[in-house]
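A.B. asks: Supplied in structure tokens, the structure appears directly below.
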Amino acid sequence: MQYTMPTNTSSAPGVQPAARGDFRDRMAAQYLARALPSMSEEERFAFEERVAICTFDANLAEIDAVRVALNDFVTQRARSQQ
């Protein structure tokens, strides 16, 4: 958890929790925690490469790049299971 200093220190406690991420960020983090252990070495490499490409070439924030890579991973895995 990240902490930010309060803007009004007159009656506020010393530290305040930072605003939580939105629902999509939390869901992506939970899914990532489940998906990473199930990935093979090749899938993990492709996932990390996709995150890097989205981050540097498309100038996406890291959390957005992870979401794109997770979506690609799920789509690819679903196609391979059919």
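A.B. asks: Which pairs do you get when a residue that is closer than 15 Å to D72 by Cα and surrounded by 10 or more Cβ atoms within 10 Å (Cβ to Cβ), found in segment 30-59, comes within reach of a residue that is of a type in the set (D, E, K, R) and at pLDDT 90 or above, reach meaning Cβ atoms under 7 angstrom, with the pair 6+ apart or on two chains?
C.D. replies: R50/D72
A.B. asks: Could you check segment 39-82 and list, in sequence order, the residues that are within 23 Å of F23 (Cβ to Cβ) and either among the small types (G, A, S) or in contact with a His (Cβ under 7 Å, 6 or more places away or on another chain) (or both)?
C.D. replies: Result: A58, A61, A65, A69, A78.
A.B. asks: Anything in segment 8-49 that is modelled with pLDDT under 60 and either of a type in the set (S, T, Y) or in a loop (DSSP other than H, G, I, E, B) (or both)? List them, or say none.
C.D. replies: Across segment 8-49, the qualifying residues are N8, T9, S10, S11, A12, P13, G14, V15, A18, A19, R20.
A.B. asks: When the residues of segment 60-70 are narrowed to those that are under 19 Å from A33 (Cβ atoms) and surrounded by 13 or more Cβ atoms within 10 Å (Cβ to Cβ), which ends up modelled with the lowest pLDDT?
C.D. replies: I63
The values are calculated or read from the model by the stated rules, or taken from the named source; none is laboratory data. Please read all numbers here as calculations on a predicted model, not as lab measurements. Note that we place each Cβ from the backbone using ideal geometry, even for glycine, and neighbour counts take in every protein chain shown.
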